[in-house]
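Down below is the structure, laid out as structure tokens.
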Amino acid sequence: MNDYEQFISNIKKKTRIDLSLYKEAQMKRRLTSLYQKRHASSFMDFYRALCEKDELLQEFLDRFTLNVSEFYRNRSKWIELEEQILVPMLKKKHSLKIWCAACSTGEEPYTMAMILAQFLPLKNIRILATDIDDTVLKKARKGVYGERELQELPLHMKIKYFTYREGLYYLSEDIKNTVVFKKHDLLQDPFQNNYDLIVCRNVFIYFTDVAKHALYEKMSQSLKKGGVLFVGSTEQIFNTGSYGLTCSLPFFYRKE
Ligand SMILES: C[S@@+](CC[C@H](N)C(=O)[O-])C[C@H]1O[C@@H](n2cnc3c(N)ncnc32)[C@H](O)[C@@H]1O
């Protein structure tokens, strides 16, 4: 085993995270710059340091993928989601089972809640939001954001659902209460079934083709018939038929 292979094997034993399912060149680049900053000389040298210092392990867990997110990220896609996917779904039923996977600091599930609140009473909205990273989930539960994360949010929603204090925006408890955050590893943990909508954006880009293939299959199985998978704007799925999906609009895939 080379240095990197030894590292990923040890990290899996220590944290359950399987780095072999993440694109190797990209992951090596991120981790090399991280370990060089901490004056380690190799992956295994870095691993030994992680075992000695909890804060280094935490830093690794926080940084092995990017956590950047924002409300209404790629705004035109959220408008399509509302008008062409959610409105027709809501004509047929008055509550939807929704999962925002790899939700980072919560902007996506909260965007979803604010969109749904235009059509449904808040008590009918319940969204599961998951991520592998405890630190981002803690931040998501707090619901406190800076200007940058809100830059795409429509003004009427900003006014209705946020309180501004000393440079920060505090999300209303009403919206916060519609989302349940849980730790979940997309590559290892079981999925629930019968979803009307799965939002999983800007995380497939990190995974190997083998991991993506397995994930598309599992996500398709988790959707009910007619349910939709919403992916990131660089994450087109090919061979949709082999997963039982059809592309209903770019970046929206419907379970057949
Ligand atoms: C770039 S952010 C995307 C956030 C949000 N979905 C968006 O598009 O704005 C990627 C997120 O994927 C999470 N992630 C990485 N690997 C994961 C895995 N195996 N299971 C679940 N989440 C994962 C990271 O912790 C990070 O919060």
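If you roll a 1.4 angstrom probe over the protein chains with everything in place, what fraction of the accessible area of the chain belongs to carbon and sulfur, to the nearest %?
For the chain, the apolar C and S fraction of the accessible surface comes to 50 percent.
Filter the chymotrypsin sites (Phe, Trp or Tyr not before Pro) in region 196-245 down to the DSSP loop ones having no more than 13 other Cβ atoms within 10 Å, then list what survives.
Working: sites: Phe204, Tyr206, Phe207, Tyr216, Phe230, Phe238, Tyr243; in loops: Phe238.
Of the chymotrypsin sites (Phe, Trp or Tyr not before Pro), the ones in loops of region 196-245 whose Cβ has at most 13 other Cβ atoms within 10 Å are Phe238.
Which aspartates and glutamates have a Cα less than 12 Å from the Cα of Lys23, not counting those fewer than 8 places away in the same chain?
Correct list for Lys23: Asp209.
Please arrange His184, His156 by accessible surface area, largest first, computed with a 1.4 Å probe and ligands excluded.
His156, His184
Over 21 Å between C-alpha atoms is what I'm after, so list which of Lys93/Lys212; Lys13/Lys218; Lys91/Lys183; Lys91/Lys123 land there.
Beyond 21 Å: Lys93/Lys212; Lys13/Lys218; Lys91/Lys183.
Could you tell me whether the chain comes out rounded, prolate or oblate from its Cα gyration tensor? Rule is a ≥ b ≥ c as square roots of the eigenvalues, rounded for a/c under 1.5, then prolate if a/b exceeds b/c, otherwise oblate.
Cα axes put the chain in the oblate bin.
Gly227's amide H: which non-local residues (gap 5+, or another chain) put their own amide H closer than 5 Å, with H modeled 1.01 Å from N in plane and none for Pro or chain starts?
Under 5 Å from the amide H of Gly227 lie the amide H atoms of Lys255, each far enough along the sequence or on another chain.
Keeping all protein chains in place and using 1.4 angstrom, which order do Lys158, Lys93, Lys77, Lys138 fall into by accessible surface area, from largest down?
Per-residue accessible area, sorted high to low, gives Lys138, Lys93, Lys158, Lys77.
For the chain, report the accessible area per residue in Å² (1.4 Å probe, heavy atoms, rounded to an integer).
49 Å²
Could you tell me the relative contact order of the chain? Use alpha-carbon pairs under 8 Å, at least six residues apart, and round to a whole percent.
17 percent
Averaging sequence separations of C-alpha pairs under 8 Å and six or more residues apart, then dividing by the length of region 93-174, give the relative contact order as a whole percent. Can you show the working numbers first?
Numbers: 90 pairs, mean separation 24.0, N = 82.
Over region 93-174, the number comes to 29 percent.
The values are calculated or read from the model by the stated rules, or taken from the named source; none is laboratory data. Because the structure is a prediction, the values reported are computed rather than measured. In this analysis, Cβ positions are derived from the backbone assuming ideal geometry, glycine residues included, and neighbour counts consider all displayed protein chains. Side chains included, ligands, DNA and RNA excluded: accessible areas come from the protein's heavy atoms. Shrake-Rupley method; radii C 1.70, N 1.55, O 1.52, S 1.80 Å.
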